[in-house]
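In what follows, a single structure is set out as structure tokens and then discussed.
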Amino acid sequence: MTDDGLKTPSPSEEIEMLIPWYVTGRIDDADRERVERYLEDHPEVRDQLALVREEIAGSGALAEELGAPRAGALGRLLADIEAADGPAIARAQAPSLTERLTAWLPVFNSPALQMAGIAAAVLIVAQAVVIGALVGGRDGGAQYETASDGGETIAQPGTRLLVAFSPTATAKAITALLSEKDATIVSGPKGSGLFEVRISDKQLSEAEIERAISDLKARSDIVAFAAKAQ
Amino acid sequence: MASSNGNGDSELLKRIAAKDRVAVEVLYGRYNVRLYRFILRLVRNEAMAEELTNETFMEIWQVAGKFEGRSSASTWIFAIARNKTISVIRKRSDEELDDERAMAIEDDADTPEVAAQKGDKAALIRACLNRLSSEHREVVDLVYYHEKSIKEVSEIVGIPENTVKTRMFHARKKLSGLMAEVGVDRGWP
């Protein structure tokens, strides 16, 4: 149904048309005042407010049923960007570990994001997406790596973990933890923040690896995620 | 839900224009689910919705420098998503559209009749919202779920503000009519 050619709405219809926006709060001041004056003069129209709230609830529930993109979608996007534009950082200009960490961490600590109260959720979800792609292997699609990652992991012997650091962890705290554990970041960040961390020059037993993962996870102020690298 | 961090989004677009990949990841985190759902509602195909979501972010990556702040960043982003989606829909064959309509009917949710028999008013509203035309559903989603103003809907859909208001009004009337058909009188209109 199109809305072209409809008869001119009556003055009361004009006001009633604004009620959805009055309820959502996405209405300008002049229109809000018009609606409020009208509601004062026509209290029976207040019933429409409840109807609109029902409709909002229904619309929200339907939207939730639609789900979300599959895990790995962000990785695919970043891979597409890399394919279109080339590596993020030329190998010859690859930054140091500290630079890589500090380049990543300010995003988590952005005042704007903190004010919005979503930074951690956004980035942990983003981490989870990549974790799904790298560890779970669910989507089977291309996996994103930054230019500075390529080839490094193949030549690294020993035992490696995939680690995501807490959104609030500082570079200094991460460096201290790595030093304490005699661990070394060998690549990353991959996709949305996973680092590959070598925790021993030797191949540790499964029990030792589990213990190392538990130790890292116990430092939840610094480590958001840890798992054995595949 | 769906409140947008206006200034933060504009700042992200500036960073994306400067080819800051972290910024595009953050923007993705903010918008991917909302855009995916908005697109999926239009195309009714999950794989296609994912692809179009991805393409929307790719376009944002490529043209973020053209964002001039005349509209909100959120509106600009939704308009890109919509234009891409409508373009794809227009290219689809009638056969594809028929298949998708058939798929859309194969919905696990109750029909309005079943929901009405169960006395489940919330389910009935959902079922009737699902029966609205795509034109009506789109504006209802933008207003209720994405919490867009009249001006923002106008800019995203590309229709005059008065048409936004009348379209929403008639979508709501149609919704009440669908509920009345199964014996539920909402008392309006």
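The values are calculated or read from the model by the stated rules, or taken from the named source; none is laboratory data. Predicted model, so just to flag it, every value in this text is computed and none were measured. Note: ideal-geometry Cβ built from the backbone for every residue, glycine included; neighbour counts use all protein chains shown.
See the values below:
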read-out	value
Residues satisfying the stated conditions in segment B:130-166, i.e. outside any helix (DSSP H, G or I), under 24 Å from A:G67 (Cα atoms) and over 10 Å from the mean Cα position of the chain (by Cα)	B:L132, B:S133, B:E147, B:K148
Those helices (runs of 4 or more DSSP H) lying entirely in segment A:3-66 with at least 3 residues within 11 Å of chain B (Cβ to nearest Cβ) and among the acidic types (D, E)	A:11-16, A:47-65
Residue within segment B:76-84 that is among the hydrophobic types (A, V, I, L, M, F, W, C) and modelled with pLDDT under 95 present	no
Residue ID - nearest to A:I15 (Cα to Cα), chosen from residues in segment B:170-184 that are surrounded by 16 or more Cβ atoms within 10 Å (Cβ to Cβ) and modelled with pLDDT under 90	B:V184
Test: residue in segment B:31-41 that is over 22 Å from A:G72 (Cβ atoms) and at pLDDT 90 or above	yes
Residue match in segment B:108-128 (condition: out of contact with any strand residue (DSSP E or B) (no Cβ under 9 Å at 6 or more places or on another chain), among the small types (G, A, S), facing another protein chain (nearest Cβ under 7 Å) and in a helix (DSSP H, G or I))	yes
Conditions (1) at pLDDT 90 or above; (2) crowded, with 19+ Cβ neighbours inside 10 Å; (3) within 13 Å of chain A (Cβ to nearest Cβ); number of the one not met by B:S4	(1)
Residue count for segment B:59-72, restricted to those that are of a type in the set (V, I, T) and away from chain A (no Cβ under 12 Å)	1
Hey, B:K14 surrounded by fewer than 22 Cβ atoms within 10 Å (Cβ to Cβ) and more than 10 Å from chain A (Cβ to nearest Cβ) or not	yes
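Residue-by-condition table, conditions (1) touching a His at 6+ places or on another chain (Cβ under 9 Å); (2) within 10 Å of chain A (Cβ to nearest Cβ):
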| residue | (1), (2) |
| --- | --- |
| B:Y28 | no, yes |
| B:R34 | yes, yes |
| B:R41 | no, yes |
| B:E51 | no, yes |
| B:F57 | no, yes |
| B:S74 | yes, no |
| B:A81 | no, no |
| B:I89 | no, no |
